[in-house]
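The values are calculated or read from the model by the stated rules, or taken from the named source; none is laboratory data. This is a predicted model, so every value here is computed, not measured. Cβ sites come from the backbone with ideal geometry, for glycine too, and all protein chains shown count toward neighbours.
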Amino acid sequence: MLEAENQIGCSRVGVQTAKLKRVTLITEAHEEAYKEGGEALNEFTIKISGKQAGEEVSPTHAPLKEVKEIFDALYALIRQTTEENEPSVVSFRAGSLVVVAHPPLSTLSYLDEVMREGHPQSDQPYTRFVEQLEKVSRNSGLDMALLRDDVVVASITPKEGASLRPREPLWVRTTLTLSGLIMNMGGKNPNIHVLEDHTFETRIIAIDAQTVQELRLYKQRYIFDVEAEQALEDPSKLRNFKYRSHLVIPQKMSLQDFIAAESPKWSDVDNVEDWVGGMRGRLDPH
Amino acid sequence: MTRIEFPATCLVDTTALIHLASPKQQYHSNALEYFQAMQAQQTKFYLSTLVIAEYGFKGGRDGVASVLASLSARVCGFDMEAAFRYGTLAKQHPGIFQMTTPEKERVVIDLMLVATADYMGLESIISSDTNLCGPFLKGTSRAILGLDIKKPITGMYPLWSSEES
């Protein structure tokens, strides 16, 4: 429901629906007062342009159905990225129709992270938000642009949808080497939980029940050769680990013991650089 | 004598390992001094699977296990992230493409090791290969210290760093 009221010389329209927590449409003058009131003015902006009923959309000619749908999407985005009771405010500006949202900081932080990564996943609140806006644009013929700090971060057109489209990462099957301690093991579908030495991340690796019997918890460090799925554009993202083989890392050995054990193997190598050069340069015709 | 700041992390090249393992090698005592000093400073060692392939050729599986045990080394494979970094680094070394084939292949492996150290964020590489400890460190995303065991550790400071190139 829309209701108009006059307040200290500026026209003000308040909107209350069952879904919208608190959304107020205010003029620029009121917005300045809002700024001066000391509230943080972190903004996320939706610029809507195009014609409705033969006239350019503007703060004085706002298409009710489309605005409601956009607000529904915005409200859902805020609700999914912030605490229930944090206040949210939007204002209208001219320049076609510009909706400036002042959501809680957690929503803005979330949006900034999505923008930084550049390829939002399909299950994210931002994705659902953009999809909803794409639907509004498609049905109404209106163009939209999303701006953060006056910088356009995505544009939406009726024909082409959003320019910053959500994208599924391309997962490639790869092999990796992990080393560390087993922190847990077993289960109905057997797996081991390996605390990795380098990253200190715990990797859950699917494994066969027979091999589990050969492994020890906590006390033994292992190197595991595993299969995994790796995100092509961000190789640090890994999933679906599967055991291939392992190597036990023996308990600590002194350098002197190492030399005693290994030196006989290298007794026929006269020049290390030549030998390694041969290995790397394939000087051997075979 | 200038105090040497030891790196916290170090990728070990095959040449350094063989010098360490074999007292008959020219730079064995240098290698031993480097590794003892770094162990005393709690440096973490990393072993590329490329180095494991080379060392394992004569050292075998148990030899590789001995390396891992004596250095408490972690293993890092030449995985996709290293491969991407290699492509970036290779562009910094256009001279590779003018080399003859055997030398080129050697350089490719050297650069694969540098790429591994680079993406893992390691601070140093230890080797008896002067090129690996110097010119090949050019273009890394952060400075990597080249520890050339041909130079004895005593009095050898500053050590070569890619930051100085």
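In the set (1) closer than 22 Å to A:Glu131 by Cα; (2) not in a helix (DSSP H, G or I), A:Pro87 fails one condition alone, (1). Whenever a residue of the range A:221-236 is within 14 Å of B:Phe78 (Cα to Cα), its partners that are at pLDDT 90 or above and of a type in the set (Gly, Ala, Ser), lying with C-beta atoms within less than 6 angstrom and at least six residues away or across chains, give the pairs A:Asp225/A:Ser245.
Can you find even one residue in the range A:229-237 that is within 14 Å of another protein chain (Cβ to nearest Cβ) and modelled with pLDDT of 85 or more? The answer is yes, given that some residue of the range A:229-237 is within 14 Å of another protein chain (Cβ to nearest Cβ) and modelled with pLDDT of 85 or more. Note on the range B:33-54: residues that are facing chain A (nearest Cβ under 10 Å), outside any helix (DSSP H, G or I) and surrounded by fewer than 17 Cβ atoms within 10 Å (Cβ to Cβ) total 0.
Of all residues in the range A:130-167, exactly one satisfies the criterion of being assigned to a loop (DSSP other than H, G, I, E, B), modelled with pLDDT under 90 and of a type in the set (A, V, I, L, M), namely A:Leu164. Of the residues making up the range B:1-28, those that are without any contact (Cβ under 8 Å) to a residue 12 or more places away in the chain and within 12 Å of chain A (Cβ to nearest Cβ) are B:Ser22, B:Pro23, B:Lys24, B:Gln25, B:Gln26, B:His28.
Screening the range B:44-75 for residues that are over 22 Å from A:Glu196 (Cα atoms) and aromatic (Phe, Trp, Tyr) and picking the one that is farthest from the chain's Cα centre (by Cα) gives B:Phe57.
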